[in-house]
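Right, one structure below, let's go through it.
The values are calculated or read from the model by the stated rules, or taken from the named source; none is laboratory data. Computed from a predicted model, the values in this text were never measured in an experiment. Every residue, glycine as well, gets a Cβ built from its backbone with ideal geometry; the counts of neighbours run over all protein chains shown.
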Amino acid sequence: MLFAVLSEPSPTRPSEAVASRRRYWEWARPLREAGTMRHIWARTGRGALAVFEVDGNATLHRLLNEWAEIVPARFDVYPLLDPAVAQAFLETPR
């Protein structure tokens, strides 16, 4: 299952969040290498946009809780369809 996750960190001074933000990138590295986190972009200012490929909601829930332990944030979660799946759906007779 694919999910886009947009984070909005809790408001603090940027200088107070530097250590947490560094730990976040360390946490994300093995997820990126494993393909669990397909993409990650830092947002201008603060926050991130990540695309996760996970086996279900429980795994995403665990990852977002781990993320929030490092950088407390509010998350917007968007379920996604792989482009091939979306196109195949269009070819299915109705």
Filtering region 19-73 down to residues that are assigned to a helix (DSSP H, G or I), of a type in the set (D, E, K, R) and more than 21 Å from Met1 (Cα to Cα) yields Arg21, Arg22, Arg23, Glu26, Glu69
Region 9-18: number of residues that are among the small types (Gly, Ala, Ser), out of contact with any strand residue (DSSP E or B) (no Cβ under 7 Å at 6 or more places or on another chain) and part of a loop (DSSP other than H, G, I, E, B): 0
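Which count do you get for residues in region 36-61 that are aromatic (Phe, Trp, Tyr) and surrounded by 15 or more Cβ atoms within 10 Å (Cβ to Cβ)? Can you show your working first?
Step one: list which residues in region 36-61 are aromatic (Phe, Trp, Tyr), which gives 41, 52.
Filter once more, keeping what is surrounded by 15 or more Cβ atoms within 10 Å (Cβ to Cβ): 52.
Within region 36-61, residues that are aromatic (Phe, Trp, Tyr) and surrounded by 15 or more Cβ atoms within 10 Å (Cβ to Cβ) number 1.
For (1) without any contact (Cβ under 8 Å) to a residue 12 or more places away in the chain; (2) among the basic types (Lys, Arg), each residue gets a yes or a no:
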position	(1), (2)
Arg38	no, yes
Arg46	no, yes
Asp55	no, no
Pro83	yes, no
Looking at Glu33, Glu91, Glu26, can you tell me which residue is modelled with pLDDT under 95, among the acidic types (Asp, Glu), out of contact with any Gly (no Cβ under 6 Å at 6 or more places or on another chain) and loosely packed, with under 14 Cβ neighbours inside 10 Å? Glu91
